[in-house]
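Note sheet for the following structure.
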């Protein structure tokens, strides 16, 4: 009898332990994003925060991608110059902004961001992609003024890097401006700050990807630009935020709670109409684009520079609805959103439209060139015919 009671007690304790474990696990899953958010809070006001050292863009080490500026730019493949503002991987914790002196953080950017988000533009020409003091992922989780100031600090780096880019980009070369995630937010500010002049004539296209772009901006900040309407339109802007089945909460956050820069500060998007250009159709229609039009997504982590990934084509169909791009569940698991803590805030380790972007960016560069409104290249002196001048005695005239 005593042994039976002992077994019953052990069974009860085991059942209780399992029940508590299940409750703890359930609570962790339910509150996982809140836990993730609290862990990334720097715990100090931005006003007293010691900023990481600012990058010097005259030094090649502060660029993820930088062409040989001493070489003739026309010896490069592609006829354009591309400026890419990369998405964020830095979660936060001890800093509001990424210290780019941290080798392990730079290595992570090179392994994940470079092959997925920078490489597709190389077919269009020379690529400039700066490291910058990215605002941490935590700044996308809160609307505190500290977070907005961290975003602004990140943009100041991007602004300086773009000024460097313009100094080294000849006026006869078309420009592609690209931004992904947080980088798309900064690219929007570059459009407003730089492309209200003749620079617009050089713009093949701006790719503003995975950050909301309100249509009303084309009536104010971006009034000299317009959305791209065809696959060969130039001097225009492309934007979308892509969402898979099951991404309802992420899509809702994208359309309502993310911040955009306007009137000197960052403000919530608050359900305003957004620009959506379907990257399978390259227009703003609400038509469904079937999988057969998908040129290829890439999940390329750790590829060395110069190694081309193999795109997976016909993975998804896509359709713009209410300013958002809804895509089918990809056939390949490597192109599906991974389940992880804070997943709704994190940059995806793949590019769904890698090959679509790659081909279209190069096409738009060629479209600018064919229009013939850019200045012609000044012929190098080395290419000119050299005429030998013989000395001739001067005979005085009586």
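The values are calculated or read from the model by the stated rules, or taken from the named source; none is laboratory data. Computed from a prediction, not measured in an experiment: that's the story for all the values here. Methodologically, a virtual Cβ is constructed for each residue, glycine included, from the backbone with ideal geometry; neighbour enumeration extends over all protein chains shown.
For this structure, a couple of remarks:
- Residues of segment 331-347 classified as part of a loop (DSSP other than H, G, I, E, B), modelled with pLDDT of 75 or more and under 21 Å from the mean Cα position of the chain (by Cα), total: 6
- Pairs with Cβ under 9 Å, 6+ apart, first in segment 58-76 and at negative phi and free of Cβ contacts under 8 Å to residues at least 40 places away in the same chain, second part of a loop (DSSP other than H, G, I, E, B) and exposed (fewer than 11 other Cβ atoms within 10 Å of the Cβ): none
- Residue 124 touching a residue at least 40 places away in the same chain (Cβ under 8 Å), under 14 Å from residue 89 (Cα atoms), surrounded by 24 or more Cβ atoms within 10 Å (Cβ to Cβ) and touching a strand residue (DSSP E or B) at 6+ places or on another chain (Cβ under 8 Å): no
- For segment 271-302, a residue qualifies if it is part of a loop (DSSP other than H, G, I, E, B), under 28 Å from residue 140 (Cα atoms) and in contact with a helix residue (DSSP H, G or I) (Cβ under 6 Å, 6 or more places away or on another chain), and the qualifying residues are 271, 273, 275, 279, 299, 300, 301, 302.
- Screening 184, 129, 178, 150 for residues that are more than 15 Å from the chain's Cα centre (by Cα) and touching a residue at least 60 places away in the same chain (Cβ under 8 Å) leaves exactly one candidate, 150.
- Test: residue in segment 134-151 that is in contact with a helix residue (DSSP H, G or I) (Cβ under 8 Å, 6 or more places away or on another chain), at pLDDT below 95, more than 27 Å from residue 46 (Cβ to Cβ) and assigned to a loop (DSSP other than H, G, I, E, B): no
- In segment 153-169, residue surrounded by the fewest Cβ atoms within 10 Å (Cβ to Cβ) [restricted to those that are free of Cβ contacts under 8 Å to residues at least 60 places away in the same chain and closer than 19 Å to residue 206 by Cβ]: 163
- Some residue of segment 239-250 being assigned to a helix (DSSP H, G or I) and either over 20 Å from the mean Cα position of the chain (by Cα) or surrounded by 18 or more Cβ atoms within 10 Å (Cβ to Cβ) (or both): yes
- Single residue of 290, 309 found to be surrounded by fewer than 21 Cβ atoms within 10 Å (Cβ to Cβ), in contact with a strand residue (DSSP E or B) (Cβ under 8 Å, 6 or more places away or on another chain) and over 29 Å from residue 92 (Cβ atoms): 309
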